[in-house]
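Comments concern the structure below.
The values are calculated or read from the model by the stated rules, or taken from the named source; none is laboratory data. Keep in mind it's a predicted model, so treat the numbers as computed, not measured. A quick note on method: Cβ atoms are made from the backbone with ideal geometry, for glycine too, and the neighbour counts reach across all protein chains shown. Keep in mind that these areas ignore ligands, DNA and RNA; they rest on the heavy atoms of the full protein, side chains included. Shrake-Rupley method; radii C 1.70, N 1.55, O 1.52, S 1.80 Å.
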Amino acid sequence: ILLEGETGTGKELIAHGIHNASSRRNGPFIAVNFSAITESLLESELFGYEPGAFTGAMKGGRTGLFEAAHKGTIFLDEIGDAPLSFQVKLLRVLQEREIKRVGSFRMIPVDFRVIAATNRNLGDLVARGCFREDLFYRLNVLPLRLPPLRERREDIRALAAHVYRLLTGRQPGGFFDAVYPAMESYDWPGNFRELRNMVEYLVHVCPAGQPGGAHVHEVLHHV
């Protein structure tokens, strides 16, 4: 499954939902963020390593994230940021369903569901030579596009109310009445993550009253 959507559209939340609704829900859910792991650490993080495989390796070795996802789901987040040099190794694991720890010659079979996510256009990256075409087709079996908030403005009120309840434990009542028009006309480049930040701001600056349009303008002016 390939989840495509802008930042803040809830790709990891959807991935969790798919996992929890699947036959693998009792297995592990392992998330890997390719934008947060340096290229030099990718192989040892994802495949694990044997004792003494390199300087600084843990005495007993380490299980990699693919092994940890056995019988569960591995979520490959920001897959568009995976280094080109590592993509061929990733493709092999996805095709063969076996890994080899760093410093080992033994192949270890693994059984996992793959959910990948990206906020980039992988087709464009393939055309520019920045992403392997064979890996793209391997991941793009079931593509799901998550629409940005500006394409689902009818959800803004429900989402704002949901965040308000999470933050305060109360129903919003008429808390947002004066600011809904501004919220529904804004494009939300940060999507739900940005909306949540705004609601949290309004809750803090107006703990006993209703916010006005000036409060929304103040937040959006600094986005």
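Report yes if some residue within the range 14-30 is under 11 Å from the mean Cα position of the chain (by Cα) and more than 21 Å from PHE131 (Cβ to Cβ); otherwise report no. Even if it seems obvious, please write down each step before you answer.
Initial filter on the range 14-30 (under 11 Å from the mean Cα position of the chain (by Cα)): 14-16.
This time we only want the ones that are more than 21 Å from PHE131 (Cβ to Cβ), so: 14, 16.
The answer is yes, given that some residue of the range 14-30 is under 11 Å from the mean Cα position of the chain (by Cα) and more than 21 Å from PHE131 (Cβ to Cβ).
Test ARG150 against the criterion of being within 22 Å of ASP77 (Cα to Cα), out of contact with any strand residue (DSSP E or B) (no Cβ under 8 Å at 6 or more places or on another chain) and in a helix (DSSP H, G or I), and give yes or no.
Details: within 22 Å of ASP77 (Cα to Cα): no; out of contact with any strand residue (DSSP E or B) (no Cβ under 8 Å at 6 or more places or on another chain): yes; in a helix (DSSP H, G or I): yes.
In short, no.
Take ALA182 and decide whether it is within 20 Å of THR7 (Cα to Cα), surrounded by 12 or more Cβ atoms within 10 Å (Cβ to Cβ) and aliphatic (A, V, I, L, M). Give the derivation first.
Numbers: within 20 Å of THR7 (Cα to Cα): no; surrounded by 12 or more Cβ atoms within 10 Å (Cβ to Cβ): yes; aliphatic (A, V, I, L, M): yes.
Criteria not met by ALA182.
What number of residues within the range 24-77 satisfy the criterion of being at pLDDT 90 or above, within 20 Å of MET107 (Cβ to Cβ) and of a type in the set (D, E, K, R)?
Within the range 24-77, residues that are at pLDDT 90 or above, within 20 Å of MET107 (Cβ to Cβ) and of a type in the set (D, E, K, R) number 3.
So, restricting to helices (runs of 4 or more DSSP H) that lie completely within the range 45-146, which ones have at least 1 residues that are open to solvent by less than 60 Å² (accessible area, probe 1.4 Å) and aromatic (Phe, Trp, Tyr)?
Working: elements: 65-68, 84-96, 122-127, 133-139.
Those helices (runs of 4 or more DSSP H) span 65-68, 84-96, 133-139.
Here is a yes/no grid of residues against (1) among the charged types (D, E, K, R); (2) out of contact with any strand residue (DSSP E or B) (no Cβ under 9 Å at 6 or more places or on another chain):
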| position | (1), (2) |
| --- | --- |
| GLU12 | yes, no |
| LEU46 | no, no |
| LYS59 | yes, yes |
| LYS71 | yes, no |
| ASP77 | yes, no |
| PHE86 | no, yes |
| ARG97 | yes, no |
| GLY123 | no, yes |
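Quick one: would you say VAL216 is more than 24 Å from the chain's Cα centre (by Cα) and more than 14 Å from ARG153 (Cα to Cα)? Spell out the reasoning first.
On the way: more than 24 Å from the chain's Cα centre (by Cα): yes; more than 14 Å from ARG153 (Cα to Cα): yes.
So VAL216 passes the test.
List every residue pair whose Cβ atoms sit under 6 Å apart, with the two residues 6 or more apart in sequence or on different chains, where the first one lies in the range 146-170 and is more than 16 Å from GLU184 (Cα to Cα) and the second, anywhere, is assigned to a loop (DSSP other than H, G, I, E, B) and small (Gly, Ala, Ser).
LEU146/GLY5
For the condition surrounded by 14 or more Cβ atoms within 10 Å (Cβ to Cβ) and either assigned to a helix (DSSP H, G or I) or touching a strand residue (DSSP E or B) at 6+ places or on another chain (Cβ under 9 Å) (or both), what is the one hit in PHE192, PHE175? Give the derivation first.
On the way: PHE175 fails: either assigned to a helix (DSSP H, G or I) or touching a strand residue (DSSP E or B) at 6+ places or on another chain (Cβ under 9 Å) (or both).
Exactly one residue qualifies, and that residue is PHE192.
Assess whether ARG128 counts as being of a type outside the set (Asp, Glu), farther than 17 Å from ILE14 by Cβ and out of contact with any helix residue (DSSP H, G or I) (no Cβ under 7 Å at 6 or more places or on another chain). Lay out the reasoning, then the answer.
Numbers: of a type outside the set (Asp, Glu): yes; farther than 17 Å from ILE14 by Cβ: yes; out of contact with any helix residue (DSSP H, G or I) (no Cβ under 7 Å at 6 or more places or on another chain): yes.
Yes, satisfied.
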